[in-house]
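The values are calculated or read from the model by the stated rules, or taken from the named source; none is laboratory data. Note that the structure is predicted; figures quoted are calculated from it, not measured. So basically every Cβ, Gly included, is an ideal-geometry build from the backbone, and we count neighbours across all protein chains shown. Accessible surface is based on the protein model in full, side chains and every heavy atom, while ligands, DNA and RNA are left aside. Shrake-Rupley method; radii C 1.70, N 1.55, O 1.52, S 1.80 Å.
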Amino acid sequence: MSSKEAKGEDMINEAIDALMRPVQQSELPPSADRVRIRKASGINQDDFGKALGVSRLTVSMWEQGKTEPSGKNRQNYITALRRIVDTLGIAWQEGGDDA
């Protein structure tokens with residue numbers, strides 16, 4: 001590989017890293033707090049899942065810390081939880097990903 005090709009590959013990798021950074025750096029609260037936040041809103045797992053475009057089982061797995069959302073689902077989940085927190089004025093605890 002020429003140095004020009006290597007430089008081009010490095011630029012592509014840096015661009016991909018930059019695009020992914022907001023998703024990777026967006027922390028979820030610990031799983032117990034995910035449950036607490038959703039319950040504080042009065043929304044059940046089924047309706048929350050429908051609003052996010054995922055199943056009730058998926059919401060349950062996220063809340064139990066058995067799986068973690070990724071990509072667009074992660075961003076949508078974080079946005080929904082943050083809206084609940086902001087609307088209700090309840091605490092948000094970062095440092096999740098406790099699966």
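Among the candidates 84, 37, 90, 78, single out the residue that is β-branched (Val, Ile, Thr) and in a loop (DSSP other than H, G, I, E, B).
Working: 84 fails: in a loop (DSSP other than H, G, I, E, B); 37 fails: in a loop (DSSP other than H, G, I, E, B); 78 fails: in a loop (DSSP other than H, G, I, E, B).
Exactly one of 84, 37, 90, 78 is β-branched (Val, Ile, Thr) and in a loop (DSSP other than H, G, I, E, B), namely 90.
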The range 39-65, residues that are more than 14 Å from the chain's Cα centre (by Cα) and among the charged types (D, E, K, R):
39, 46, 47, 50, 56
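Can you report the number of residues in the range 23-40 which are modelled with pLDDT under 70 and open to solvent by less than 70 Å² (accessible area, probe 1.4 Å)? Give the steps one after another, and end with the answer.
Residues of the range 23-40 that are modelled with pLDDT under 70, as a first pass: 23-26.
Among the residues that remain, those that are also open to solvent by less than 70 Å² (accessible area, probe 1.4 Å) are: 23, 26.
Counting residues in the range 23-40 that are modelled with pLDDT under 70 and open to solvent by less than 70 Å² (accessible area, probe 1.4 Å) gives 2.
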Which pairs have Cβ atoms under 8 Å, sit 6 or more apart or on different chains, and link a residue in the range 73-88 that is more than 20 Å from residue 58 (Cα to Cα) to one that is part of a helix (DSSP H, G or I) and open to solvent by 20 Å² or more (accessible area, probe 1.4 Å)?
87/41; 88/40; 88/41
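Might you check whether a residue that is outside any loop (DSSP other than H, G, I, E, B), out of contact with any helix residue (DSSP H, G or I) (no Cβ under 7 Å at 6 or more places or on another chain) and either aliphatic (A, V, I, L, M) or at pLDDT below 85 (or both) occurs anywhere in the range 41-50?
From the range 41-50, those outside any loop (DSSP other than H, G, I, E, B) are 41, 45-50; that's our starting set.
Applying the additional criterion that residues be out of contact with any helix residue (DSSP H, G or I) (no Cβ under 7 Å at 6 or more places or on another chain) yields 47, 50.
Keeping just the survivors that are either aliphatic (A, V, I, L, M) or at pLDDT below 85 (or both) gives none.
No, the range 41-50 contains no residue that is outside any loop (DSSP other than H, G, I, E, B), out of contact with any helix residue (DSSP H, G or I) (no Cβ under 7 Å at 6 or more places or on another chain) and either aliphatic (A, V, I, L, M) or at pLDDT below 85 (or both).
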Selection within the range 41-73 - buried (at least 18 other Cβ atoms within 10 Å of the Cβ) and under 15 Å from residue 27 (Cβ atoms):
62, 69
Out of (1) modelled with pLDDT of 95 or more; (2) under 11 Å from the mean Cα position of the chain (by Cα); (3) not in a helix (DSSP H, G or I), the odd one out for residue 68 is which?
(1)
